[in-house]
Amino acid sequence: MSKEKSSATPVPTPAADSTQHPKGNLGAIVNIHIDRAAKAISLPEEIALILGQPKNEIIVHFPVRMDNGKYQMFTGYRVQHNNILGPFKGGIRYHQDVCLEEVRGLASAMTWKSALHDIPFGGGKGGVQFDPNLHSIAEIERITRRFTHALAGSIGPEYDIPAPDVGTNSQVMNWLMDTYMNIAGALDKNAMRRVVTGKSLTSGGSLGREAATGAGVVHCITEWAKDRRFDLTGKTVAIQGFGNVGSFTAKILSKLGVSLVATGDYKGYVANAEGLNPHKLGEHVRKTGSVVDYKHSKPISREEFFAIECDILVPAALELEIGESEARNIKARLIVEGANGPTYPEADTILNERGITVVPDILANSGGVTVSYYEWLQNKRSERWDLEEVDARLEKQMKRSYGWVRDFAHEKRLDLRTAAYAIGLDRIRRAYADRGIWP
Ligand code: NAD
């Protein structure tokens, strides 16, 4: 019997396994931190069992029309880790390495971050696997609207509230909100505004949200310096990543007299021992898309960046950047994790042995979720807080959280990361203990 040739268009071969992250399993690494913290507070086994897994994992595949008229398939994720303390909350990432493992790890970290700061939110994270640098603004808008449509039944202003992350910004959040509001009925439309935070001001965003994560990083640095009577004036910082978190950290630190001696991004690294002007560098990045070729700098390699002479190092790019070799070469005495999950556990051990303090991500970069919470509250109450109020609340919250972590670490003889996770874990443990595990 002869086989008939199919006349249908062949189904394209799926992309290489999209559930594996090229640099390692972030979810498994976060679980190592949780295990250590669980031991420190003798967490009951059943709570550890629940928290070791996300509640929901949503994977969507959707078509988007490209500018050339052809269609391309995209894969998006939303992982909802835990919501015992409040609605799932966490960013949306656009990056070519986005995968289920990565989103799982980042969603779990959000649960601990909200719990640590006593913010009534849970943890979630999402993303779409593509490189936004290779797409036009119009294509990114269509990808965002189609992804939002695919996710619409699984997010909501009292259920799961996205925010910006790597590769997304207030514009992307505005499109997300607008798509969601248009799906909602006319009567409910305005109540839907707070389905997402990190929006622009005209779309219901909060003053101070854009700079909030960098501002929070700097509050951690000033608290650390105050405890040690370490004068920050004239000191130096190296920052990996010059996007939202990295650039605001550099700008705010410059006001305190801390100079940026090296930075880098997806294209390369630059240095200037005399200091890089973060405002002019920001202008260069806005025009060219990268710190590379900034005229008042010399190019350096990634290895040279991590070995550079500086007092403070702020990883503010992606996860899993500081491994064993970086940890051995780092000269800074303080590392403040602007990025989520930048340090491998093996590197943590080396840094501890070398006496380098690491302020962990769930404490250091929490300014973003804190002001996102303020934005959500303002939307809910139809209020607009002025910048002074937002900044003052953020400062108070960051100092309070830093104090909780520092004191707990001191009391229990823990590193700051284990202490931070233990505080978050303990808040969640108490919620389960009060409510019980149904049925
Ligand atoms: P962003 O997209 O604005 O900036 C990311 C920066 O990292 C860019 O400069 C980019 O070029 C650089 N980068 C990308 N790949 C790189 C690579 N392979 N090597 C070196 N640099 C690279 O993102 P962002 O919002 O500033 O987020 C940075 C980190 O901070 C992420 O880990 C994110 O999860 C975390 N974070 C962000 C917020 C927020 O409010 N934006 C809040 C909490 C945590």
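Key figures for this structure:
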item: D_trans [Stokes-Einstein, Kirkwood Rh over alpha-carbon pairs] for segment 50-188, 20 °C, 1.002 mPa s, µm² s⁻¹; result: 142 µm²/s
item: ³J(HN,Hα) computed for each position of segment 131-147 - Karplus, 6.51 cos²θ - 1.76 cosθ + 1.60, integer Hz, glycine/proline x; result: 9, x, 5, 9, 10, 6, 4, 5, 5, 5, 4, 5, 4, 4, 5, 5, 5
item: GNM result for the chain, Cα springs below 10 Å: residue of 176, 26, 49 fluctuating most strongly; result: 49
item: Counted charge near residue 160, where neighbours are those whose Cβ lies closer than 13 Å (Asp, Glu -1; Lys, Arg +1); result: +3
item: Inter-label distance, nm, simple model (7 Å from Cα along the C-beta direction), residue 28/residue 283; result: 4.8 nm
item: Theoretical gain in end-to-end length, residue 171 to residue 56 [0.36 nm per residue, Cα-Cα removed]; result: 38.7 nm
item: R0 of 45 Å, Cβ-Cβ distance residue 407-residue 295: FRET efficiency to nearest 0.05; result: 0.45
item: Only Lys, Arg (+1) and Asp, Glu (-1) charged, at Cβ; the chain dipole about Cα centre in debye; result: 640 debye
item: Options 416, 325, 382, ranked by Cα towards positive dipole end of the chain, top entry (Cβ charges); result: 382
item: Where labels lie 7 Å past Cα in the beta-carbon direction, separation of residue 118 and residue 256 in nm; result: 2.3 nm
item: Value of [θ]222 nm, deg cm²/dmol, for the chain, DSSP H segments ≥ 4, -39500 (n - 2.57) each, nearest 500; result: -14000 deg cm²/dmol
item: Chain lengthening between residue 133 and residue 42 when straightened (0.36 nm per residue, less Cα-Cα); result: 28.2 nm
item: Straight-distance crosslink candidates among lysines, where the alpha carbon sits under 19 Å from residue 189 and sequence neighbours closer than 8 are dropped; result: 199, 380
item: Candidates 393, 93, 145: whichever shows maximal mean-square fluctuation once the chain is modelled as a Gaussian network with Cα springs under 10 Å; result: 393
item: For segment 392-431, the spread of Cα positions along each principal axis, largest first, Å; result: 29, 25, 13
item: Candidates 37, 28, 422, ranked by Gaussian network fluctuation over the chain, Cα under 10 Å, top entry; result: 28
item: Rg(Cα) / (2.2 N^0.38 Å) computed for segment 162-217, rounded to two decimals; result: 1.18
item: Unsatisfied cross-links (Cα-Cα over 19 Å) in the set 89/396; 113/396; 255/280; 267/295; 235/396; result: 89/396; 235/396
item: Stokes-Einstein translational diffusion, the chain - Kirkwood Rh over all Cα pairs, 0.692 mPa s, 37 °C, in µm²/s; result: 147 µm²/s
item: Anchor residue 298: aspartates and glutamates whose Cα lies under 19 Å away (excluding residues fewer than 8 positions away in-chain); result: 265, 274, 283, 309
item: Where the Cα pairs of segment 178-312 fall when distances are cut into 10 Å bins, in %; result: 12, 34, 26, 16, 9, 3
item: Theoretical FRET efficiency, 1/(1+(r/R0)^6), r = Cβ-Cβ of residue 302 and residue 353, R0 22 Å, to 0.05; result: 0.40
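Taken together, the values in this text are just the output of simple stated rules run on the coordinates, not laboratory data. Quantities reported herein were computed from a predicted structural model and do not represent experimental measurements. Here Cβ is always computed from backbone atoms with ideal geometry, including for glycine, and neighbour counts include all displayed protein chains.
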